[in-house]
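Engineer: Structure below; questions to follow.
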Amino acid sequence: MITKGILIIVAVFLGLLILIPLALNMSGSSFGPGFLDTRLSYGQKILISYDGGISWRKTAENISSEISDIAFDPRNPNIVFLGSKNKGLWQSTNRGQDWQKIEDESGALDSKSRINKIIIARSDPKIIFLAAYQSRRGIILKSADGGKNFKEIYRLNPAGKEIFDIYANIENRDNLLASTEEGDLLETINGGETWKVKDKFNKAIVGFETGIRKLSFFYAFTSDNDIYKIYNEGQTVAVNTNGLKYNNNLRRTSGVSLSLEGESLREFTVDKNNPQTIYAVKSSGLTRSLDGGTTWKTLDTLISGNSQSLDTVAVSPANSNIIFTSSGSQLYKSVDGGTTWKIISVPSARNLVKIYINPLSPETIIALAR
């Protein structure tokens, strides 16, 4: 016979199983492997506007993963690609209204791959490059048929390290740059057949930014909030990955005069039509440089001087005067280059953490809310 004491012990045990995870969740602590990733995946929403931010709707509700990147087809405004943290690559053919999972027929792209970056060649949109992480290794994948089949063109050694960002030269789709967790800036000039180390940093390169025209210089930012302006001066011969060489003709300018003063760098973006104009979101507000980082000025926004902080910034690729920024769940828009701002109503109480604008259809805006 089950005694009353045993029943009490069982009841207390079951109660603890429920209450302990709940308490840890409320406090922000992790409970078990992958808790943080699961929480972020469940919490993220994707919002889309087709009228420049006047009205919004939810989209991609069938994707149960945190979103890591979004890329627009450079010739067809209806085609959009979406990279996820643990659900691989997705595509929309109706400007972001509906999304379908891309299943790689060749098997090179894992269905649960983490997609850090998507690059679509401007000269041929069927050519797609991915910076991915799967089987505990950072890799670069290439498709020549719009995503039906992929092949691996670079693999990081050792295991456990990631490739965070890639960029394809607008004038030469075979000229790629890749940034790694180990601080290497890699380059290929033949579409990934051979690679070289273009530069080496002592911190992980989180990503880099440049304009939409000739790749004469670009900006790289690292995990410790450093921003570098790197000039491309001359060429070196690409060699096999078993014998990497440095580019001795590379000139690097450190810091670009951005004083963080102990603040975190939350976002860094470039005006795609004028890469000398760059924006940085610090914990205290939005700053802008009009001369490639030599001098900076803090922009007055609607929350300047308040205890709130900004989270992201985006500049329209069609009009440099149109700027979006966010603070928490509030979205702000300027149409005069940051002189004045207005509040944009967004149907979400979650923090807006990233904004994407379709270059061919600038009224189409995608916002990630978490």
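The values are calculated or read from the model by the stated rules, or taken from the named source; none is laboratory data. Note that the structure is predicted; figures quoted are calculated from it, not measured. Ideal geometry is used to build each Cβ from the backbone, glycine not excepted, and the neighbour counts take in all protein chains shown.
Engineer: Could you list all residues from the stretch 97-127 that are among the β-branched types (Val, Ile, Thr) and within 29 Å of residue 56 (Cα to Cα)?
Structural biologist: Scanning the stretch 97-127 gives 102, 115, 118, 119, 120.
Engineer: Then there's this: Can you give me the ranges of the strands (runs of 3 or more DSSP E) entirely in the stretch 226-332 with at least 2 residues that are under 30 Å from residue 366 (Cα atoms) and modelled with pLDDT of 85 or more?
Structural biologist: 265-270, 278-282, 285-289, 312-315, 323-327
Engineer: Which number in (1) among the basic types (Lys, Arg); (2) surrounded by fewer than 19 Cβ atoms within 10 Å (Cβ to Cβ); (3) touching a strand residue (DSSP E or B) at 6+ places or on another chain (Cβ under 7 Å) marks the one condition that residue 148 misses?
Structural biologist: Exception for residue 148: condition (3).
Engineer: Filter the strands (runs of 3 or more DSSP E) completely within the stretch 116-222 down to those with at least 1 residues that are within 22 Å of residue 268 (Cβ to Cβ).
Structural biologist: In the stretch 116-222, 128-134, 137-143, 163-169, 172-180, 184-188, 196-200, 205-209, 217-222 are the strands (runs of 3 or more DSSP E) which contain 1 or more residues that are within 22 Å of residue 268 (Cβ to Cβ).
Engineer: Would it be correct to say that residue 196 is modelled with pLDDT under 85 and either over 17 Å from the mean Cα position of the chain (by Cα) or surrounded by fewer than 19 Cβ atoms within 10 Å (Cβ to Cβ) (or both)?
Structural biologist: no
Engineer: For residue 77, only one of the following conditions fails: (1) touching a strand residue (DSSP E or B) at 6+ places or on another chain (Cβ under 8 Å); (2) surrounded by 14 or more Cβ atoms within 10 Å (Cβ to Cβ); (3) closer than 26 Å to residue 342 by Cβ. What is its number?
Structural biologist: (1) is the only condition that residue 77 fails.
Engineer: Hey, does the stretch 320-333 have a residue that's over 30 Å from residue 122 (Cβ atoms), among the hydrophobic types (A, V, I, L, M, F, W, C) and touching a strand residue (DSSP E or B) at 6+ places or on another chain (Cβ under 7 Å)?
Structural biologist: The answer is no, given that none of the residues of the stretch 320-333 is over 30 Å from residue 122 (Cβ atoms), among the hydrophobic types (A, V, I, L, M, F, W, C) and touching a strand residue (DSSP E or B) at 6+ places or on another chain (Cβ under 7 Å).
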